[in-house]
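Heads up: the structure comes next, in structure tokens.
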Amino acid sequence: MTVLILLGALLAAGTDAKSPVKNVVLVHGAWADGSSWAKVIPFLEAAGLHAVAVQNPLTSLQDDVAATQRAIALQDGPVRRKIRVNVVSPGAIDTPGLQGLAKKDSAGLNELFRGRAPLERIGHVEDVANAVAFLASDESSYITGIELFVDGGFAQV
């Protein structure tokens, strides 16, 4: 089982003693479902915590991340005001690992993607870094609960 617990110091930043963090988001791993936390949740609730078990669809890692992202984004209290939850989903990015896997250099990878993705090129590490930097910046202060595909439009075709 995998657990994502949003408590204590992690989320206490910026909260005062009158509004302690009381949200717990539990995430199950493979070969389980949200009911695997059924015996844990009553103990958390008895301790005055609000516990939510994410029901991951187990159709893909991407779908599981999206379900977890929605559960975290919907938490009430200080979490909702202090933390924005977004997911960046990169596509094929020109890295040494991808070059080795495809047995092609950067030029070869660009040629491979020409005509296959709307932007007709391979992604670069800077493309992903710029997306993450944007979501972490004040310019995106009103954005939460989204999945941003940094894949040259490949997911849309």
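The values are calculated or read from the model by the stated rules, or taken from the named source; none is laboratory data. Source: prediction; values computed, not measured. All Cβ positions, glycine included, derive from the backbone under ideal geometry; neighbour counts span all protein chains shown.
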Answer with yes or no whether Gly100 is farther than 24 Å from Asp63 by Cα, out of contact with any Pro (no Cβ under 8 Å at 6 or more places or on another chain) and among the small types (Gly, Ala, Ser).
-> yes
Would you confirm whether any residue within region 129-145 is at pLDDT below 85, closer than 22 Å to His28 by Cβ and loosely packed, with under 14 Cβ neighbours inside 10 Å?
-> no
Just for strands (runs of 3 or more DSSP E) wholly inside region 1-90: which have at least 1 residues that are modelled with pLDDT under 85 and either closer than 20 Å to Glu147 by Cβ or not assigned by TED's automatic domain parsing to the domain that holds Ile146 (or both)?
-> 23-27, 87-90
Answer with yes or no whether Gly97 is outside the structural domain of Ser35 (by TED's automatic domain parsing), on the phi > 0 side of the Ramachandran plot and free of Cβ contacts under 8 Å to residues at least 24 places away in the same chain.
-> no
